[in-house]
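For reference, the structure is listed below as structure tokens.
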Amino acid sequence: MDRTARAFWLRAPGEGEIRPVAVPAPGPDEVEVRTLYSGVSRGTETLVFRGGVPESQFAAMRAPFQDGEFPAPVKYGYLNVGVVEHGPPALLGRAVFCLYPHQTRYVVPAAAVTPIPDDVPPARAVLTGTVETAVNVLWDAAPLVGDRIAVVGGGMVGCSVAAVLARFPGVRVELVDVDPARAAVAKTLGVGFATPEQAAGECDLVVHASATEAGLARSLELLAVEGEVIEVSWYGDRRVSVPLGEFFHSRRLVVRSSQVGAVAPARRARRGFGDRLALALRLLADPAFDALITEESPFEDLPRLMPRLAGGEPSALCVRVTYPER
């Protein structure tokens, strides 16, 4: 059997290429996976693509199966869905999710893949890592019944948070984005929509996911007294200005970060990474999440796609990457 595959590598900041890579024979506790789909985690992957990871965060930003080092050359990514072609009988032939980069075929420990439930289409399961992030955000945020909540930033993470919040009883959820086209996505997810100027205030909780200085400032403005912003954005090497004057102190506001690299403290004693990932997959049984996948691109086009995404074009949410059958 041919023991080579093809993988997308960042050759230098702003320059990607498809490279041949060696695939080892799977051992007794390993699986060999043929990739069906991968997803581009637009915010993080475009930041990596432009070389925007600060040196102080090189270790923290490593993906589980990353090859190479920041800023480049590096093989990076973590939204991969494939089918197990060699491995333990319980996994053989199963569609699985893995935190693996964009590569046509790979070998990993069997414990590193999560079987996709029968009621979740593999094409939708590329969102698993993003929905897992949303789960962690809401474990951090701990919304209450009847809360007034804004999600500022209608990207992959913001929309995933809004989609999960739509299931909470009695809450007012509003997705806030500068792009009016996100209104259609919000409607499909079952939440309200507003531009930043139109957004409803007096929020108990705001989840900020726009990765912009203006979005963070508007998030603070939308809070009620003693409200809280959960900051999900990661700015990389960019500095942002936070308006801590004006009403920040008088309203006793809070800004708190949430990051998927660790299970939220509220659940850490009772839930592990596997539990969080399995929950994300159960949530993906809802077909409303299909609204987050707005473009498809063949694997071979990744070197041309990534510069477009890094430059802000197209305005897609999740780009699903498709792979050849063999």
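The values are calculated or read from the model by the stated rules, or taken from the named source; none is laboratory data. Not measured: the values here are computed from a predicted model. Positions of Cβ are backbone-derived with ideal geometry, glycine not excepted, and every protein chain shown enters the neighbour counts.
Points worth noting:
- Extreme residue, nearest to the chain's Cα centre (by Cα), among residues of the range 218-227 that are crowded, with 18+ Cβ neighbours inside 10 Å and either under 12 Å from Val207 (Cβ atoms) or small (Gly, Ala, Ser) (or both): Ser219
- Boolean, Gly236 is over 25 Å from Glu174 (Cβ atoms), surrounded by 13 or more Cβ atoms within 10 Å (Cβ to Cβ) and of a type outside the set (S, T, N, Q): yes
- Elements of type strands (runs of 3 or more DSSP E) contained in the range 123-197, each with 2 or more residues being crowded, with 24+ Cβ neighbours inside 10 Å: 148-152, 172-176
- Selection from the range 11-63 of residues that are within 20 Å of the chain's Cα centre (by Cα) and of a type in the set (Asp, Glu): Glu45
- Matching option when the condition is in a helix (DSSP H, G or I) and touching a residue at least 60 places away in the same chain (Cβ under 8 Å), among Ala217, Ala266, Ala224, Ala280: Ala280
- Filtered residues of the range 59-101 (kept if among the acidic types (Asp, Glu) and farther than 25 Å from Pro303 by Cβ): Glu85
- Residue match in the range 92-99 (condition: in the same structural domain as Gly14 (by TED's automatic domain parsing), assigned to a strand (DSSP E or B) and more than 18 Å from Val40 (Cβ to Cβ)): yes
- Condition met for Val178 (over 26 Å from Arg282 (Cβ atoms) and touching a residue at least 12 places away in the same chain (Cβ under 8 Å)): yes
- Here Glu30 fulfils each of the conditions (1) modelled with pLDDT of 95 or more; (2) within 30 Å of His208 (Cα to Cα); (3) in contact with a helix residue (DSSP H, G or I) (Cβ under 7 Å, 6 or more places away or on another chain) apart from (2).
- The C-beta contact set for the range 292-310 (first residue over 15 Å from Glu45 (Cβ atoms), second residue charged (D, E, K, R) and assigned to a strand (DSSP E or B), distance under 8 angstrom, 6+ apart or interchain) comprises Ile293/Arg320; Glu296/Arg320.
- Residue within the range 105-113 that is under 13 Å from Leu10 (Cα atoms) and either in contact (Cβ under 8 Å) with a residue 12 or more places away in the chain or assigned to a helix (DSSP H, G or I) (or both) present: no
- Qualifying residues in the range 13-66 (those that are more than 19 Å from Asn80 (Cα to Cα) and touching a Pro at 6+ places or on another chain (Cβ under 7 Å)) - the one surrounded by the fewest Cβ atoms within 10 Å (Cβ to Cβ): Asp29
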